[in-house]
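What follows is calculated from the coordinates using simple rules that are stated; it is not laboratory data. Since the structure is predicted, the reported quantities are computational estimates derived from the model, not experimental observations.
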Amino acid sequence: MYEIYEKILKEKGLSSYQVSKATGISQQTLSYWKSGRSVPKTDKLKKIAEFLGVSLEYLTTGYDDSEINSFDLRFHSVEDAVKFILEQPMVAQFGGYDLDKMTDEEIIEFANDVAGMIELLGKKYKK
């Protein structure tokens, strides 16, 4: 998410200081997000998106609503579906991994691990 945020700031000629003043979100909080020390909550992301004049979806994924709705989400395997999720900038930022530095085998293994965790969580919350 932070890379997208910085890209938008650059495009609009804004600084984090201006975002902080306009949204009431401290510069320290913005710095913590950048360093990965904390993760922004949705209400704060909405404030930033509104100030920047972009959708929450664009701020968090780098895609606007029409692009998200036009994705072909028919995957050929569980690994493909999970890899798609792992490639989303917000997920990668939150997870602290870099797919560009991983081999295909590591990505598939990671995707399978994530799929297994989702399966376990599904069982926990299944009603």
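Structural remarks
- Ratio of the Cα radius of gyration of the stretch 22-61 to 2.2 N^0.38 Å, where N counts its residues: 1.11
- With the gyration tensor restricted to C-alpha atoms of the chain, the semi-axes of the equivalent ellipsoid amount to 30, 16, 15 Å, longest first.
- Added length on full extension, which subtracts the Cα-Cα distance from 0.36 nm per residue, Glu119 to Glu87: 9.6 nm
- Given their separation in residues at 0.36 nm each and the Cα-Cα distance between them, Thr29 and Glu11 gain 4.3 nm when the chain is fully extended.
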